[in-house]
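Enquirer: Take a look at this one; I'll ask things after.
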Amino acid sequence: MEFIIKISQFLLSLSLLIVLHELGHFIPAKLFKTKVEKFYLFFDVKFSLFKKKIGDTVYGIGWLPLGGYVKIAGMIDESMDKEQMALPPQPWEFRSKPAWQRLIIMLGGVTVNFILAYVIYVAISFTYGDTDVTTDSMKDGFWIENELLLDVGFKNGDKILAINDEKVDTYYDVKKNLVKGEKYSIVRDNQKKEIVLPKDFLGQLSSAERKNGTFKLRIPFMVGTVPDTSINKSVDIKTGDILLALNGEEIRYFDQVADKLLEYKNQSVTVTFLREDEKIDRTLEVDKNGKFGVGLATHNSRFAELGYFDIIHKDYTFLESFGGGVDKFKEQVSGYFDQLGKIFTPSTGAYKGVGGFKAIFDVFPDQWIWQDFWGLTAFLSIMLAILNLLPIPALDGGHVVFLLFEIISGKKPSEKFLERAQVIGFFILIALVLFANGNDIFKALTN
């Protein structure tokens, strides 16, 4: 069931982004009376799952879910339709249109992607507002079990004061600065310390066998689910029960429970739970892996009520949501450019984290939460727009470069040159796709 939820989100998000991106090319092409021969979701290599011709355009769905395309008559693109290009230009063809019109057509896809992301962020601001956790309220610091973070000097319970000398006030501040974070100012045992990450830390993080997150909120052991396969399925424990003590020893955080249970493998332990406002004692079995066999509740409003941290929430009026959307949009665009900067700097090793379709699939949660779905879709829309603007001839950005050259110089590159550039760009694009998806395969085989 979890796989079905993830794949459904993945395909819905991908389909939405592809259709709207291609619609961004389609609409200005039609406005400028340019013939559009095909409008496809996914690629129709050899055959289509569905197709229907309406007017001059064939609309269809291909079987290969690696993207989509519009085929515009008289345009040198991935179709490499040399027969059509060998004929005299027709007034309804792309190549016959003024350069400024062709530029608008080529920029249409990324423009729609940027607009879509902004609209989604406005809707998220208005519908859900902003929710965050203040770092000052995290009395016992962050939950850190990532082996790489531990190796560079962090310890479970560290409090983070600043990243790159910029004060952090909320949990989101910590998460958003992870990519560019190099120097961390922390407090441990009431003493201030500084931890400087190695230059290739992102590469190490991408290659690590066990990710275990990075900086996580310290939360209590709250029962989420008790599956039928649990070793303790017959014990009276319920969703929402919070573990307070283990064999008489007070326990506050889940990470303390996880460490303690390893000492009691294949044994019985006495556990004190808080249920509603009542304390109850239960005897639970610990399996050979040091587990109770129950699922953990990772999000619950009671965490704040019980003083684990303070949650701050901001609601937006309809008008305010437009400003909130701008802030979210700018942060994500800036953050993605930071990521690209790291990726194209080999010494950081960040290129090892480049992923393909599996990596995108993996970011979707195994529960359908609309706020998360739309947030991820907005980010992927920004990512799609920026990647399409890269100056590679097979991408929109490559076409834009040649069109800008034509507009500035007044000289149109020859069709032969554009054809050769398209071939080179196509091979570059294939190499990037193979590299990204190869990274996915390598990680799956080695981790």
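Enquirer: Given GLU22, GLU37, which one is surrounded by 12 or more Cβ atoms within 10 Å (Cβ to Cβ), under 25 Å from ALA378 (Cα atoms), of a type in the set (D, E, K, R) and in contact with a strand residue (DSSP E or B) (Cβ under 7 Å, 6 or more places away or on another chain)?
Expert: Going through GLU22, GLU37 in turn, the sole match is GLU22.
Enquirer: Right, next: Just for region 104-133: of the residues that are over 19 Å from the mean Cα position of the chain (by Cα) and open to solvent by less than 30 Å² (accessible area, probe 1.4 Å), which one is farthest from ASP189 (Cα to Cα)?
Expert: ILE105
Enquirer: Mind listing just one residue for me: the one in region 81-103 that is touching a helix residue (DSSP H, G or I) at 6+ places or on another chain (Cβ under 7 Å) and at pLDDT below 85 and, of those, least open to solvent (accessible area, probe 1.4 Å)?
Expert: Taking the candidates together, the pick is MET85.
Enquirer: Filter region 165-178 down to residues that are out of contact with any Phe, Trp or Tyr (no Cβ under 9 Å at 6 or more places or on another chain) and either more than 22 Å from GLY341 (Cα to Cα) or aliphatic (A, V, I, L, M) (or both) and give me whichever is least open to solvent (accessible area, probe 1.4 Å).
Expert: Top of the filtered list is VAL168.
Enquirer: Would you check if LYS180 is farther than 23 Å from ASP132 by Cα and of a type in the set (Lys, Arg)?
Expert: Details: farther than 23 Å from ASP132 by Cα: no; of a type in the set (Lys, Arg): yes.
Against the criterion (farther than 23 Å from ASP132 by Cα and of a type in the set (Lys, Arg)), LYS180 does not qualify.
Enquirer: Could you tell me whether any residue of region 373-395 is in a helix (DSSP H, G or I) and exposed (fewer than 12 other Cβ atoms within 10 Å of the Cβ)?
Expert: No, every residue in region 373-395 fails to be in a helix (DSSP H, G or I) and exposed (fewer than 12 other Cβ atoms within 10 Å of the Cβ).
Enquirer: Also: Out of all the residues in region 38-47, is one or more assigned to a strand (DSSP E or B), farther than 30 Å from PHE373 by Cβ and at pLDDT 90 or above?
Expert: In the first step, residues of region 38-47 are kept if they are assigned to a strand (DSSP E or B); the result is 38-47.
Restricting the remaining residues to those that are farther than 30 Å from PHE373 by Cβ gives 46-47.
Remaining after also requiring at pLDDT 90 or above: none.
No, region 38-47 contains no residue that is assigned to a strand (DSSP E or B), farther than 30 Å from PHE373 by Cβ and at pLDDT 90 or above.
Enquirer: Here's something else I'd like to know. When PHE373 is evaluated against the numbered criteria (1) among the aromatic types (Phe, Trp, Tyr); (2) more than 14 Å from LEU11 (Cα to Cα); (3) under 12 Å from the mean Cα position of the chain (by Cα), which criterion, by number, is the only one it fails?
Expert: Tallying (1) among the aromatic types (Phe, Trp, Tyr); (2) more than 14 Å from LEU11 (Cα to Cα); (3) under 12 Å from the mean Cα position of the chain (by Cα), PHE373 fails exactly one: (2).
Enquirer: Assess whether PRO413 counts as being out of contact with any strand residue (DSSP E or B) (no Cβ under 8 Å at 6 or more places or on another chain), outside any helix (DSSP H, G or I), under 30 Å from ILE115 (Cβ atoms) and open to solvent by 60 Å² or more (accessible area, probe 1.4 Å).
Expert: No; evaluated as a whole, the condition is false for this residue.
Enquirer: Now a separate question. Do you know which residues across region 135-164 are under 20 Å from PHE254 (Cβ atoms), surrounded by fewer than 16 Cβ atoms within 10 Å (Cβ to Cβ) and of a type in the set (Val, Ile, Thr)?
Expert: none
Enquirer: Is region 62-74 home to any residue that is open to solvent by less than 40 Å² (accessible area, probe 1.4 Å), under 27 Å from PHE427 (Cβ atoms) and part of a loop (DSSP other than H, G, I, E, B)? If you could, list the steps in order and put the result at the bottom.
Expert: So the first thing to find is which residues in region 62-74 are open to solvent by less than 40 Å² (accessible area, probe 1.4 Å), and the list is 62, 67-74.
The next check asks that each one be under 27 Å from PHE427 (Cβ atoms); those that pass are 62, 67-74.
Now restrict to residues that are part of a loop (DSSP other than H, G, I, E, B): 73-74.
Scanning region 62-74, I find at least one residue that is open to solvent by less than 40 Å² (accessible area, probe 1.4 Å), under 27 Å from PHE427 (Cβ atoms) and part of a loop (DSSP other than H, G, I, E, B), so the answer is yes.
The values are calculated or read from the model by the stated rules, or taken from the named source; none is laboratory data. Quick caveat: nothing in here was measured; it's all calculated off a predicted structure. FYI the Cβ positions are ideal-geometry reconstructions off the backbone, even for glycines, and counts take in every protein chain you see. Calculation scope for accessible area: heavy atoms of the full protein, side chains included, ligands and nucleic acids excluded. Shrake-Rupley method; radii C 1.70, N 1.55, O 1.52, S 1.80 Å.
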